[in-house]
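Here's the structure we're looking at; comments come further down.
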Amino acid sequence: MGVVELFRAVSEEEFKDVFAHGKLRKIAGSVEGKWFAESAEDAAQWGKLLYGEQPFRIIAIQIEEASANQLFRLIKLDNIGPARFAEVEQLELRGVREVSYGKDS
């Protein structure tokens, strides 16, 4: 089986936490689980919706395809695009990186 890449808009605080600990964790003000877009473009749309004028970043995570296929999935979350939901404990990351997106678009 392969690896799946999923995308998430995160606050500056969550971004720093992810790279400090090498994993997604529950931080103050966050919920037990995390939503992930299946494209960076969709994650950027959610970021604009959630954060408005506040800065945010897009991260990409890599997880095993078998694990990704077990996540709860909606075909069109918030009329934006496909998304998957995972409890923090379900996320055994193979890799995480920051993704550039059109901040001015």
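Just so it is clear, none of the values below were taken in a lab; they were calculated from the coordinates. Quick caveat: nothing in here was measured; it's all calculated off a predicted structure.
Taking Asp42, Asp17, Asp78 as the candidate residues, the one with maximal mean-square fluctuation in a Gaussian network model of the chain, Cα springs under 10 Å, is Asp78. Please identify, among Lys34, Lys26, Lys76, the residue showing maximal mean-square fluctuation in a Gaussian network model of the chain using a 10 angstrom Cα cutoff. Evaluated over the chain, the most mobile residue of the options is Lys76. Largest first, the extents of the alpha carbon coordinates of the chain on the three principal axes equal 38, 31, 23 Å.
Within the listed set Phe19, Phe85, Phe36, the Gaussian network model of the chain (springs between alpha-carbon atoms below 10 Å) gives the highest mean-square fluctuation for Phe19. Phi angles across segment 47-53 convert, under the Karplus curve 6.51 cos²θ - 1.76 cosθ + 1.60 with θ = phi - 60°, into 3J(HN,Hα) values of x, 5, 5, 7, 9, x, 7 Hz, Gly and Pro given as x.
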